[in-house]
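Student: Take a look at the following structure, please.
The values are calculated or read from the model by the stated rules, or taken from the named source; none is laboratory data. Given the structure is predicted, the values throughout are model-derived calculations rather than measurements. Note: ideal-geometry Cβ built from the backbone for every residue, glycine included; neighbour counts use all protein chains shown. Please note that ligands, DNA and RNA were not included when accessible areas were found on the heavy atoms of the full protein model with its side chains. Shrake-Rupley method; radii C 1.70, N 1.55, O 1.52, S 1.80 Å.
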Amino acid sequence: MKTRSATLWHVGQRWAVEELDLAEPGPGQVLVRIRATGLCHSDDHAVTGDSRPPLPLVGGHEGAGVVEAIGPGVTRASVGDHVVLAFNSPCGHCRYCAGGLSNLCAIARRRVGGEPAASPFSRAGETVWAMGGLGTFSERTVVPEDSVIVIDKDVPFAVAALLGCAVTTGWGAAVYLADVRRGETVVVVGCGGVGVNSLQGARNAGADIIVAVDPSEFKREQAVRFGATHAVADLARAREVLAELTGGHMADVAILSVGVADSDILGDMMSTLGLNGRGIITAVSPAAATTVNLSLVDFTLSQQTIRGNVYGGTNMHRDIPLLLGLYRRGKLQLDELISRTYPLDEINQGYADMHAGRNLRGVVLP
Ligand SMILES: NC(=O)c1ccc[n+]([C@@H]2O[C@H](COP(=O)([O-])OP(=O)(O)OC[C@H]3O[C@@H](n4cnc5c(N)ncnc54)[C@H](O)[C@@H]3O)[C@@H](O)[C@H]2O)c1
Ligand SMILES: [Zn+2]
Ligand SMILES: [Zn+2]
């Protein structure tokens with residue numbers, strides 16, 4: 001079968017929208033007609049070379065669509081089902097899934113790592129890999145049935161797509177990984193598609209003071225709509241505001257969700273935290289970055305924590321229905337995340353708009 005997809009052939013090039021070959025769904029796989037896919041910053045890291053997934057690559061790991069066909073033995077979805085795709089979907093029985101850490105599923109990681117013959121895409125016999133094991137920048141893709149979560153048919157596809165990464169990663173950073181408690185003070189550094197969902201998560205968890213940090217005025221305006229009680233342009237101003245609001249105690253939680261994290265910004269963010277403060281790193285750093293500029297004595301003697309973030313610590317099969325429930329009852333803003341939609345052919349314009357700070361989230365409708 002043929003499909004049109006946005007493919008990255010070499011670091012530094014643009015997404016090339018062209019026809020590829022797509023394998024039929026094999027045992028345990030489903031064919032999905034993608035109806036919406038979000039423009040997450042993580043795909044752009046492959047373009048800039050900050051991350052190095054195998055190339056050529058069909059981008060996209062934040063998508064939703066309709067099941068068009070199922071392979072032998074599939075039980076989790078039927079033809080016609082509307083689905084959200086999960087890029088690290090739990091197999092349910094590896095040591096991490098069994099231990100309640102299904103976002104770290106070892107089986108899913110092996111797929112994402114790109115085992116030979118793990119991709120359904122090819123061109124003239126050459127394998128084309130799939131971002132996150134999904135490749136949602138495409139009219140159609142074939143994914144393992146573990147990767148699909150069936151949802152109600154009245155959920156808009158663009159909203160459903162964002163549950164595949166931005167919402168879960170951002171919300172879970174606050175609610176699960178930072179474990180924000182009622183009355184706490186939270187700082188979110190970088191308020192794009194992922195960061196604003198950490199603001200919503202902090203608000204859901206009952207945080208009192210929520211400080212958004214972003215140089216973009218548009219993002220700061222949006223941040224207030226998503227739960228920030230204060231919005232400032234940089235970390236120096238955030239420290240002043242926190243010192244004043246907390247009587248010098250500073251923040252309990254800081255979450256880093258800038259587009260690209262470097263060695264300096266992590267240390268800078270940690271200096272917004274007080275005693276027992278928890279720092280969460282959601283933002284991806286360039287593969288070559290290996291140092292952190294941090295006052296170690298302050299870190300140790302303040303009993304602080306720094307924690308990474310994979311998918312917000314969520315379990316997609318639990319959290320997609322949970323988040324859709326919050327959305328239906330008006331406790332989670334999802335429609336408001338979508339700034340603009342684009343046809344697949346305009347995907348490079350969508351990323352230009354992300355870089356220019358014009359979008360909270362751009363969504364492609366392939
Ligand atoms: N860990 C995970 O599982 C996971 C999942 C999804 C995305 N990510 C990563 O999260 C990060 C954010 O993704 P996104 O899609 O929201 O990106 P985005 O481009 O939509 O948002 C980034 C925001 O950071 C702001 N920013 C840039 N420099 C800043 C600075 N010095 N201080 C404060 N704000 C600054 C930008 O203005 C923008 O609003 C990326 O690094 C992405 O790769 C990680
Ligand atoms: Zn993402
Ligand atoms: Zn597993």
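Student: Say we look at the stretch 127-143 and pick out the residues that are crowded, with 24+ Cβ neighbours inside 10 Å and polar (S, T, N, Q); which of these is nearest to Glu62 (Cα to Cα)?
Tutor: Per the criteria, the residue is Thr136.
Okay, residues lined up against (1) buried (at least 23 other Cβ atoms within 10 Å of the Cβ); (2) touching a Ser or Thr at 6+ places or on another chain (Cβ under 8 Å); (3) over 15 Å from Phe121 (Cβ atoms):
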residue	(1), (2), (3)
Lys2	no, no, no
Asp21	no, yes, no
Gly28	no, no, yes
Leu39	yes, no, yes
Asp44	no, no, yes
Thr48	no, no, yes
Pro56	no, yes, no
His61	yes, yes, no
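Student: Continuing with the same structure: Considering the stretch 223-236 alone, what residues qualify as being open to solvent by 20 Å² or more (accessible area, probe 1.4 Å) and either in contact (Cβ under 8 Å) with a residue 24 or more places away in the chain or touching a strand residue (DSSP E or B) at 6+ places or on another chain (Cβ under 8 Å) (or both)? I'd like the intermediate steps shown before the answer.
Tutor: We begin by selecting, within the stretch 223-236, every residue open to solvent by 20 Å² or more (accessible area, probe 1.4 Å); these are 224-225, 229-231, 233-234, 236.
Scanning the stretch 223-236 gives Val224, Arg225, Thr229, His230, Ala231, Ala233, Asp234.
Student: When the residues of the stretch 75-92 are narrowed to those that are assigned to a loop (DSSP other than H, G, I, E, B), out of contact with any Cys (no Cβ under 8 Å at 6 or more places or on another chain) and open to solvent by less than 20 Å² (accessible area, probe 1.4 Å), which ends up nearest to Ser138 (Cα to Cα)?
Tutor: So, considering only residues that are assigned to a loop (DSSP other than H, G, I, E, B), out of contact with any Cys (no Cβ under 8 Å at 6 or more places or on another chain) and open to solvent by less than 20 Å² (accessible area, probe 1.4 Å), the one nearest to Ser138 (Cα to Cα) is Ala86.
Student: Select from the stretch 305-316 the residues that are surrounded by fewer than 16 Cβ atoms within 10 Å (Cβ to Cβ), more than 16 Å from ligand 2 (Cβ to nearest atom) and not polar (S, T, N, Q) and list them in ascending order.
Tutor: Arg307
Student: Out of curiosity, is Asp319 free of Cβ contacts under 8 Å to residues at least 60 places away in the same chain, surrounded by 14 or more Cβ atoms within 10 Å (Cβ to Cβ) and in a helix (DSSP H, G or I)?
Tutor: Criteria not met by Asp319.
Student: So which residues in the stretch 341-366 are more than 20 Å from Ser138 (Cβ to Cβ), of a type outside the set (S, T, N, Q) and in contact with a strand residue (DSSP E or B) (Cβ under 6 Å, 6 or more places away or on another chain), if there are any at all?
Tutor: Scanning the stretch 341-366 gives Asp353, Leu360.
Student: Follow-up question, since we're still on this one. If you go through the stretch 27-45 one residue at a time, do you hit one that is assigned to a loop (DSSP other than H, G, I, E, B), in the same structural domain as Arg340 (by TED's automatic domain parsing) and in contact with a Leu (Cβ under 6 Å, 6 or more places away or on another chain)?
Tutor: no
Student: Can you give me the number of residues within the stretch 187-201 that are β-branched (Val, Ile, Thr) and in a helix (DSSP H, G or I)?
Tutor: Residues flagged as β-branched (Val, Ile, Thr) and in a helix (DSSP H, G or I) within the stretch 187-201 amount to 1.
Student: Okay, moving on. Among the numbered conditions (1) assigned to a helix (DSSP H, G or I); (2) closer than 23 Å to Thr305 by Cα, tell me where Phe218 comes up short.
Tutor: With respect to (1) assigned to a helix (DSSP H, G or I); (2) closer than 23 Å to Thr305 by Cα, Phe218 is out only on (2).
Student: Within the stretch 11-32, identify whether any single residue is within 16 Å of ligand 2 (Cβ to nearest atom) and either free of Cβ contacts under 8 Å to residues at least 40 places away in the same chain or among the charged types (D, E, K, R) (or both), and answer yes or no.
Tutor: Within the stretch 11-32, not a single residue is within 16 Å of ligand 2 (Cβ to nearest atom) and either free of Cβ contacts under 8 Å to residues at least 40 places away in the same chain or among the charged types (D, E, K, R) (or both).
Student: Out of the stretch 52-103, which residues are within 24 Å of the chain's Cα centre (by Cα) and among the acidic types (Asp, Glu)?
Tutor: Glu62, Asp81, listed by residue number.
Student: Also: For the stretch 97-110, enumerate the residues that are in a helix (DSSP H, G or I) and within 15 Å of ligand 1 (Cβ to nearest atom).
Tutor: Ser102, Asn103, Leu104, Ala108, Arg109, listed by residue number.
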